[in-house]
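Here the structure comes first, spelled out in structure tokens, and everything after it is commentary.
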Amino acid sequence: MTTTDNSSQLEEIIKDITDRRSLMLASNRGPIQYFRDDDGEIKEKRGAGGLITALMSVLKATGTIWFAATLGNEDRIKAKNSPLIGIPEDEPEYYLRLIDLEEDTFNRYYNDISNSILWFLQHYLFDPIYTPVFDPSLSESWEKGYKFVNEQFSKAILDACIDESDPLILIQDYHLYLVAKNIRIKKPSALIFHFIHIPWCSPDYMRLLPDYMRSDILNSLMCCDIIGLHNSRYVKNILQCFDEFLDVKVDYDKDEVFDGNRVVKVGAYPISIDVDDLLDFSRSDIVKDAEKKFLNKKGDLSAIVRVDRAELSKNIVRGFEAYSLLLERYPEWLEKVKFFAYTYPSRTEIPAYEDYTDRIRKIVSDINQRFGTNSWQPIELEMTDDFPRSVASMKNFDVMLTNPIFDGMNLVAKEAAVLNKTNGIIILSENAGAIDELKKGVIPVNPFDIESTSTALHESLQMGANEREAMSKHLKHVVSENNISKWLLDQFSDIRDLL
């Protein structure tokens, strides 16, 4: 598999931009987290996630300052001792500025608002009969948590570019919706790009937010020059929200919003993966060892695989319900198929997530007890974070089930498409952001319909070799063409056009 190499063009554009403007980047999670080793010394590790890797790759020798929240005691100690941390510290290519937050403040901002309100809203996870409830406690978390933290980020950014009249500010995701307005007031000539990595919901669902939250968010985003999302559906939704809730003019043909003389461009930039880096890792010894273990467990069975965080939006329980229905309706698959479910804990400090993890374990136990035999267990569930194991399973699945309720993109589907070497079939939710790119090479399903998902599992398991090969080849081509460097190139090209 060959990938399109945009790296030299991307480097040229970034150099052109950073020669003309200072670059600042803000996200909740930074490129480095600090921890104590067994000897009690503070050490560093690279931040988790594809976004961190992608952004780190373009910041080399730029002198960029990356602003991020302190995520633990070691981060707080480092923030107090080193206001500006070189990355790497001996020969810095860019710098990390940690925003020192007290634990209670961080909890209000991150757990109470970002993850319990905004994440739920934008993934359509509320149960409106019971949730949300905006009581005085939640209002206080908005004021003393979310707004306060956004103000701290804004102040740090403004302090860092006090001598710059027109910096370029890149803001990442839903944790920092209020930063743009704070920056715009003090730096009217700044170029602000806010990328939103999760879905954007429809205006009717946005009405679940109280007016003070909704107004703060939308008015701040209107202070951006560019807003990026993952696909055209989210672009349409946010344009409709601007149209519905603010006194602005929306051009749906050009995906632009006008507030007086100001123009906000809204664009779809589908995030992807570093294909070459992932394939290199898949050939490492640690993955080869994990692959031997996986293939030994798989044996002659057909393998259904899922790789997910134990996240409410990932819809894991309904996936198991569909598998249970498969075994009930198509008994020919009994003792012929095995479901390898590799999940890992997520946001366990939020009660709804802890409850959901319990539900996952219970349904797996019920299915294994109902259908299992002395020699065959229908589901293998492992709830630990083990990336080599996940990569090994993605290389060798017959069917990959990825059925999120809603998802900003779903990079697992793209990783699976690139890694798989057995012409495996991917079943993908029609509400995943990746469906727009991958729909011709996957079997789309309604994530709420366990009957159709069960049928999709059956059809995928019995699909002919030629069709499987054609779908697999199509997916590999699409992902290799639309790789992570193209995602970055498209954004920085649009930024340069505004300079």
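Things worth noting here:
- Separation of alpha-carbon centers, the stretch 363-409 and the stretch 1-44, rounded to whole Å: 33 Å
- Mean residue ellipticity, 222 nm, helices only, the chain: the sum of -39500 (n - 2.57) across DSSP H runs of n ≥ 4, divided by residue count and rounded to 500, is -13000 deg cm²/dmol.
- Each Cα pair under 8 Å and six or more residues apart adds its sequence gap; the mean of these over the residue count of the stretch 275-480 is a relative contact order of 25 percent.
- Put in line by how crowded their Cβ is, counting other Cβ atoms within 10 Å and starting with the fewest, PHE120, PHE35 read PHE35, PHE120.
- Rg over Rh, two decimals, the chain (C-alpha only, Kirkwood Rh): 0.97
- DSSP-defined beta bridges in the stretch 1-150 - what % are antiparallel, rounded to 5: 50 percent
- Candidate cross-link partners of LYS80 among the lysines, defined by an alpha-carbon separation under 28 Å and a same-chain spacing of 8 or more, comprise LYS43, LYS45, LYS60, LYS144, LYS147, LYS155, LYS181, LYS186, LYS187.
- Cα shape, the stretch 275-480, gyration tensor, a/c 1.5 rule: rounded
- The listed peptides 315-325, 400-410, ordered by packing as a protection proxy, come out as 400-410, 315-325 (highest mean of other Cβ atoms within 10 Å first).
- The distance from the alpha carbon centre of the stretch 306-324 to that of the stretch 426-454 is 13 Å, rounded to a whole number.
- Comparing Cα centroids, the stretch 275-300 and the stretch 221-257 end up 43 angstrom apart.
- Sorting 355-368, 263-276, 337-350, 122-135 by average packing, meaning the other beta carbons within 10 Å per residue, from highest down gives 263-276, 337-350, 355-368, 122-135.
- Segments 427-435, 79-87 sorted - mean Cβ within 10 Å per residue, highest first: 427-435, 79-87
- Dividing the mean sequence gap of close Cα pairs (under 8 Å, 6+ apart) by how many residues the chain holds gives a relative contact order of 14 percent.
- Relative to the current alpha-carbon distance between GLU335 and SER189, full extension at 0.36 nm per residue lengthens the span by 46.0 nm.
Quick note: the coordinates plus some simple rules give every number you see, no bench work behind them. This is a predicted model, so every value here is computed, not measured. Glycine also receives a Cβ, built like all others from the backbone with ideal geometry; neighbour counts cover every protein chain displayed.
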